[in-house]
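**Student:** Dropping a structure here in C-alpha cells format, bear with me for questions.
The values are calculated or read from the model by the stated rules, or taken from the named source; none is laboratory data. Please read all numbers here as calculations on a predicted model, not as lab measurements. Cβ: placed from backbone, ideal geometry, glycine included. Neighbour counts: every protein chain shown.
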Amino acid sequence: MSLRINHNIAAINAHRNLNINDTSMSKTLEKLSSGLKVNRASDGPAALVISEQMRGQIAGMSQAIDNSETAVSLVQTTEANLNEVSRLLVSVRQLAVHAANEGVNDETMLEADQQEITNALATIDRVAAQAQFGNKRLLDGSQGASGSTTGDQLQFVEAGLKTKDSREAGFEVKVTQNASKSFVDGKVALTDETIKAGETFTLIENGKMASYRTTMDDTVDTAVKNLKSEVRRNGLNVDVELNANNTLSVKHKEYGSAYGFQFSSSTAGVLSSEAGQIEVSSAGNDIKGTINGESAIGEGQVLTGQEGTASVDGLKVKFTGQVGDADGVIPEGGSEVGRAFVSQNAMNFQVGGNFGQTVGISVESVNTRSLANNIQNESGFKSLSEVDVRTFQGAQDAMRMVDDAITRISARRGELGAFQKNTLESNLNNLRIAHENLTSSESILRDVDMAAEMASYTKNQIMTQSATAMLAQANQTPATVLQLLK
C-alpha cells in the first residue's frame, strides 16, 4: 500500500462522480419541474428540430380549425339569407298566380297584388344589399365573379367557383353549331274556304293546351289572330305566324333541344301531316362551341365551360346570333364570336396549416336586377325587378321569371350546402384528427415520462448522497500519513 498526500486520487474520483450525479439530478429536476424531456438543444438536437417543426404544424392546424369553423358560420349565414330570399320569391309567385286569375280579379285586386310584389322585391333587394358577416357583404355581388364580353351578340351570364381569371387577353369564344328553335311549318296554305268550313287548330306545350275552331265569320287573318290569342291566354311559350304564302308556322320561343310542342290541324298539311293527328314538332338544336379552346356544353344559346377544364369550368356565355355563310355552313374549327373577360372575386378560406391549402366559393348578387335577367318573355321584362302582374300576360311572364329565380337561388343554396358539408366540414374532421395525431407525436418527442424520470431522480439522489459520503471518506485517507510521522 502506498500513501501520498499531494494527489488524493480517491477523492478526485469521488468528486468527479459526485459532479456527474449532481448534474444528472439537476437535469432530472428541470425535466420534472417543466414536464418537458427536451428543454434545450443539448437535451436532444434531433428531437428538438423535429418537435419544433411539429409545433409549427400544430399551431397552423389549430388556426386552420378556427378558420374552418368561422367559414362554416359564414356559409350558414349566407344560406340563411338566401333562404329568406327564396321564401319571398315563393310569395311573389303565389301573388302572380293569383293575379293571373283574370276572370275574377278587378283593377283594385291587381293593384294590391302588384303593391305586395313590389314590397317583396324591395325586401329582396334590401337583403341582397345588407346581408353581411362582420363587415363583409355577402349577397351584393362583391363576393362573386364579374365578367364582360366583346362581340355584339355575346353576353356574359355567370362564372363558376372554378373559373379562372381571364387576364387581359380574355377567353376566346367559338361557335361550331348554331342554336335553333323547335318548329313546324305548314305545307298547305290556309284559304277562306278552309276557314269557313271550320278548321280546328290544337297546340300543346309543357302541359298547356290552346285550341281554336274557326267560324263562318272568320277570315284567314282573324283566324290566326284568334289562335294567337288562345295561345297567349293559355300561357303557351310558342309563336304563331302566318307566312306570305298563307301557310302557318309555329315556333317555340326558347332555343335548344329541351323545348318542344305538339300540334294538330283538322285539315292534313295545314299543321299536322294527317288530319286530326297529334304530332311532335321538329327538335331544336343546342349551341355547340368552345371557350378558350376548351370543351363547352351547349344548352339553348348558352355555352358552359365543362367541368374539369383548366380555365373555364363553370363559365357561362350566351350567343344570340347566327354564324356561317349564306347557306349556314360554319368553317371547320368554328367561328369566333367574341371574347369573355372574367374577374374572380371568390371568398377564399385558409383551411390548412400550409401554403396553398385554401378553398373558395363565389356568391353572386341576388338583387332583383340580376335575377331572371335572361328570360325571354312577351312583356319585355328585362329582370325580376320589372315584373308587373296588372295584365294577364304580365302575370304569366312573372311566373316564368320567378320560377327561374327560385331555381337559381335553390341551386346556389345547394352549392353552399355541398361546400359546407363536403369541403369545410369534411376538411374540419380531417384537421381535428391530424391535429390530435401530430400533437401526440410531438408529445412523445418533447414531453417527459414523469414515472421514468422520477425513478431516475431517486437513483441520482441516492448516488449523489453516496458520492458525497465517499468523498468525505476519501478526504480522510491522507490523514493516516500523520500516524507514520509520530
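**Student:** For the range 103-119, does any single residue satisfy the condition of being over 23 Å from the mean Cα position of the chain (by Cα), buried (at least 17 other Cβ atoms within 10 Å of the Cβ) and part of a loop (DSSP other than H, G, I, E, B)? Outline the logic, then answer.
**Tutor:** Looking only at the range 103-119, we keep the residues that are over 23 Å from the mean Cα position of the chain (by Cα), and these are 103-119.
Keeping just the survivors that are buried (at least 17 other Cβ atoms within 10 Å of the Cβ) gives 105, 110, 113-114, 116-117.
Now restrict to residues that are part of a loop (DSSP other than H, G, I, E, B): 105.
Yes, the range 103-119 contains at least one residue that is over 23 Å from the mean Cα position of the chain (by Cα), buried (at least 17 other Cβ atoms within 10 Å of the Cβ) and part of a loop (DSSP other than H, G, I, E, B).
**Student:** Follow-up. Which number in (1) more than 26 Å from Ala145 (Cβ to Cβ); (2) modelled with pLDDT under 90 marks the one condition that Asn373 misses?
**Tutor:** The one condition Asn373 does not meet is (1).
**Student:** Test of understanding: among Gly333, Gly338, Gly276, which residue is on the phi > 0 side of the Ramachandran plot, surrounded by fewer than 15 Cβ atoms within 10 Å (Cβ to Cβ) and outside the structural domain of Asn237 (by TED's automatic domain parsing)? Working first, answer last.
**Tutor:** Working: Gly338 fails: surrounded by fewer than 15 Cβ atoms within 10 Å (Cβ to Cβ); Gly276 fails: outside the structural domain of Asn237 (by TED's automatic domain parsing).
Going through Gly333, Gly338, Gly276 in turn, the sole match is Gly333.
**Student:** Ok, one more. For the range 376-420, give me each residue that is of a type outside the set (Val, Ile, Thr), part of a loop (DSSP other than H, G, I, E, B) and over 23 Å from the mean Cα position of the chain (by Cα). Working first, answer last.
**Tutor:** Filtering the range 376-420 for residues of a type outside the set (Val, Ile, Thr) gives 376-386, 388, 390, 392-401, 403-405, 408, 410-420.
Remaining after also requiring part of a loop (DSSP other than H, G, I, E, B): 376-383, 388, 390.
Within the range 376-420, Gln376, Asn377, Glu378, Ser379, Gly380, Phe381, Lys382, Asp388, Arg390 qualify.
**Student:** Looking only at the range 277-332, count how many residues are farther than 21 Å from Glu415 by Cβ, outside any strand (DSSP E or B) and without any contact (Cβ under 8 Å) to a residue 24 or more places away in the chain.
**Tutor:** Number satisfying all stated conditions: 7.
**Student:** Hey, among Ala71, Ala96, which residue is buried (at least 17 other Cβ atoms within 10 Å of the Cβ), in contact with a Leu (Cβ under 7 Å, 6 or more places away or on another chain) and aliphatic (A, V, I, L, M)? Before you say what the answer is, go through the steps one by one.
**Tutor:** Working: Ala96 fails: in contact with a Leu (Cβ under 7 Å, 6 or more places away or on another chain).
Criteria check complete, one pass: Ala71.
**Student:** Answer yes if at least one residue in the range 421-440 is within 19 Å of Ala59 (Cα to Cα), of a type in the set (Ser, Thr, Tyr) and either touching a residue at least 40 places away in the same chain (Cβ under 8 Å) or not in a helix (DSSP H, G or I) (or both), and no otherwise.
**Tutor:** Checked the range 421-440: at least one residue is within 19 Å of Ala59 (Cα to Cα), of a type in the set (Ser, Thr, Tyr) and either touching a residue at least 40 places away in the same chain (Cβ under 8 Å) or not in a helix (DSSP H, G or I) (or both).
**Student:** Is one or more of the residues making up the range 205-219 among the charged types (D, E, K, R), at pLDDT below 95 and farther than 25 Å from Met399 by Cα?
**Tutor:** Among the residues of the range 205-219, at least one is among the charged types (D, E, K, R), at pLDDT below 95 and farther than 25 Å from Met399 by Cα, which makes the answer yes.
**Student:** So for the range 97-104 (the condition being acidic (Asp, Glu) and in contact with a helix residue (DSSP H, G or I) (Cβ under 8 Å, 6 or more places away or on another chain)), does at least one residue qualify? Even if it seems obvious, please write down each step before you answer.
**Tutor:** Within the range 97-104, the first condition is being acidic (Asp, Glu), and the residues that meet it are 102.
Add one more test, that the residue is in contact with a helix residue (DSSP H, G or I) (Cβ under 8 Å, 6 or more places away or on another chain), and what stays is 102.
So far as the range 97-104 goes, yes, one or more of its residues are acidic (Asp, Glu) and in contact with a helix residue (DSSP H, G or I) (Cβ under 8 Å, 6 or more places away or on another chain).
**Student:** If you don't mind, there's one more thing I want to ask. Can you work out which of the residues in the range 159-176 that are out of contact with any Leu (no Cβ under 8 Å at 6 or more places or on another chain) and at pLDDT below 90 is nearest to Ser362 (Cα to Cα)?
**Tutor:** Per the criteria, the residue is Leu161.
**Student:** Still on this structure, I have one more. For the range 165-195, give me the residue count where each residue is crowded, with 18+ Cβ neighbours inside 10 Å and part of a loop (DSSP other than H, G, I, E, B).
**Tutor:** Residues meeting the conditions: 6.
**Student:** Take the residues of the range 6-34 that are within 60 Å of the chain's Cα centre (by Cα) and in contact (Cβ under 8 Å) with a residue 24 or more places away in the chain: which is surrounded by the most Cβ atoms within 10 Å (Cβ to Cβ)?
**Tutor:** Looking at the filtered set, the residue picked out is Lys31.
**Student:** With the structure loaded, tell me whether Arg233 is surrounded by fewer than 15 Cβ atoms within 10 Å (Cβ to Cβ), in contact (Cβ under 8 Å) with a residue 60 or more places away in the chain and either in the same structural domain as Ala405 (by TED's automatic domain parsing) or farther than 30 Å from Gly289 by Cα (or both) or whether it fails that test.
**Tutor:** Details: surrounded by fewer than 15 Cβ atoms within 10 Å (Cβ to Cβ): yes; in contact (Cβ under 8 Å) with a residue 60 or more places away in the chain: yes; either in the same structural domain as Ala405 (by TED's automatic domain parsing) or farther than 30 Å from Gly289 by Cα (or both): yes.
So Arg233 fits the description; yes.
**Student:** Further question on the same structure: Among the residues of the range 372-390, which ones are touching a residue at least 24 places away in the same chain (Cβ under 8 Å), surrounded by fewer than 23 Cβ atoms within 10 Å (Cβ to Cβ) and more than 22 Å from Glu158 (Cβ to Cβ)? Steps first, answer last, please.
**Tutor:** Within the range 372-390, the first condition is being touching a residue at least 24 places away in the same chain (Cβ under 8 Å), and the residues that meet it are 372, 374-378, 384-385, 387-390.
Retained after the next criterion (residues that are surrounded by fewer than 23 Cβ atoms within 10 Å (Cβ to Cβ)): 374-378, 385, 388, 390.
Passing the criteria: Glu378, Asp388, Arg390.
**Student:** Kindly list the number of the only condition in (1) part of a strand (DSSP E or B); (2) in contact with a Gly (Cβ under 9 Å, 6 or more places away or on another chain) that fails for Phe201.
**Tutor:** (2)
**Student:** To continue, here is another question. For the range 278-300, indicate whether the set of residues that are more than 27 Å from Asn374 (Cα to Cα) and either in contact with a Pro (Cβ under 7 Å, 6 or more places away or on another chain) or not aliphatic (A, V, I, L, M) (or both) is non-empty. Break it down stepwise before answering.
**Tutor:** We begin by selecting, within the range 278-300, every residue more than 27 Å from Asn374 (Cα to Cα); these are 278-279.
This time we only want the ones that are either in contact with a Pro (Cβ under 7 Å, 6 or more places away or on another chain) or not aliphatic (A, V, I, L, M) (or both), so: 279.
Scanning the range 278-300 turns up at least one residue that is more than 27 Å from Asn374 (Cα to Cα) and either in contact with a Pro (Cβ under 7 Å, 6 or more places away or on another chain) or not aliphatic (A, V, I, L, M) (or both).
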